[in-house]
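Below: the structure, in structure tokens.
Coordinate-derived values only; no laboratory data. Because the structure is predicted, anything quoted here is derived from the model rather than measured. Backbone-built Cβ (ideal geometry, glycine too); neighbour counts: all protein chains shown.
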Amino acid sequence: ISDETRAQIMRFLTRYLKPGGVVQVSYNAMVGCAQVLPLQRLLMLGAGEGGDTWTKASELAGKMVNLDALHFKRNPDSLGRVEGFDNLDQRYLVHEYLHEKWTPFYFTDIVREMAEAKLSFAGSARFAHMSPVGWLSDRQREMLETVTDPIEAEELRDYFANRGFRSDIFVRGKAPLSDLRLREQAEHIHLWGNPAVPYKTAVALEHATLTRSDSFHKPLFDLLHGAEMTLAQVFDAHEFAGLTLDAILKLLRLSIAVGETSVRYGAVQPRATAERLNAVLLTKAEQGEALGALASPRQGGGAGISALDQLMLAALHTKADPAKALTKDIDELIARVARSLAATGLRLQVGGAEVLPEDT
């Protein structure tokens, strides 16, 4: 986004956002993008003017890697990105790299800019990064506890995690949330276990692997896999007697971050509305626009789904009895998926490996 467009966004927020209003801002971040700046410049150089810009851009980067350019030898993140180009959608790659105004930002610079619109930092929009931070080592945590400025401490965490992308929440008129108000809101927050994700003591986040104690994490896992509960019910569960609300929230954030737990605010959304939207999304998938998510009434938002599953659901969507069609019409369904793949050029991956069209 150009400086001019960012300024327009800030003017809009200044004028229209009401007290208590919330804004989420996502952006490429320093310090993790420090290695990527030279790569992005190289890709822009290779793209040139006209023609298949991404092909020219990626070919130049690949050629520099093959010619042992020292930049890639000394910057493994930059090298890894080039080596992973073939596994990503070209439209995403063009969107991500081929912009003249490609600028990663330091967190404190974004905070300063948002403050001009009277917006204060409330926290991360990603559960893996929310405070209190569980992935810091004891020595890192002790060092940060000596930093009195919370904004400075947040930027120092970016160095510890080498974070290259941030999703931050800002609010106008930030006010502390008391335990009483938290409990009021907790009545509307619903939680349940994801049956597809097993419990593991060692869990991987975006930037760290944690070995957690089973004394509270495992009881939380078992509790939420037994039934859907409100956050208020979790707070009052006997398994967590003696823990503060913040300590329970820390357990939950990690569980949500690793995919064990799903969360929704408010009641289950109407199924008919979701089905109408999904019918449109499935049609688009068969036209080559597999968006990676469908509407979920229970989650109150989008649920991730693979391109193959979208195409199979699109084929099933035309059947009066989808359950019976899975056994009776499976050859027809597979043939329809294969035709969609051939017509649209969508690529599938199974177990991290690309499936060739002739193998579908």
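Here are the numbers:
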| quantity | calculated |
| --- | --- |
| Per-pair calculated FRET efficiency, R0 = 22 Å: Glu59 and Glu96 via Cβ, rounded to 0.05 | 0.80 |
| Protection-proxy order for peptides 99-105, 230-236, 18-24, each taking the mean of Cβ atoms within 10 Å per residue, highest first | 230-236, 99-105, 18-24 |
| Relative contact order (percent, whole number), the stretch 216-334, Cα cutoff 8 Å, 6+ residue spacing | 17 percent |
| Rel. contact order, % - alpha carbon contacts under 8 angstrom, at least six apart, the chain | 15 percent |
| Cα→Cβ-extended label distance, 7 Å offset, between Gln140 and Arg298, nm | 3.4 nm |
| Fully extended contour minus Cα-Cα distance, from Arg181 to Val22, at 0.36 nm per residue | 55.5 nm |
| Phi-based couplings in Hz for the stretch 253-269 (Karplus 6.51, -1.76, 1.60; Gly and Pro marked x) | 4, 5, 4, 5, 4, 8, x, 6, 10, 9, 9, 9, 9, x, 6, 4, 6 |
| Estimated dipole of the chain in Debye, rounded to 20 [Cβ of Lys and Arg +1, of Asp and Glu -1, Cα centre] | 680 debye |
| Asp331/Val147 FRET efficiency (R0 56 Å; Cβ-Cβ; nearest 0.05) | 0.35 |
| Rounded, prolate or oblate (a/c below 1.5 giving rounded, otherwise prolate when a/b exceeds b/c) for the stretch 102-179 by Cα gyration tensor | oblate |
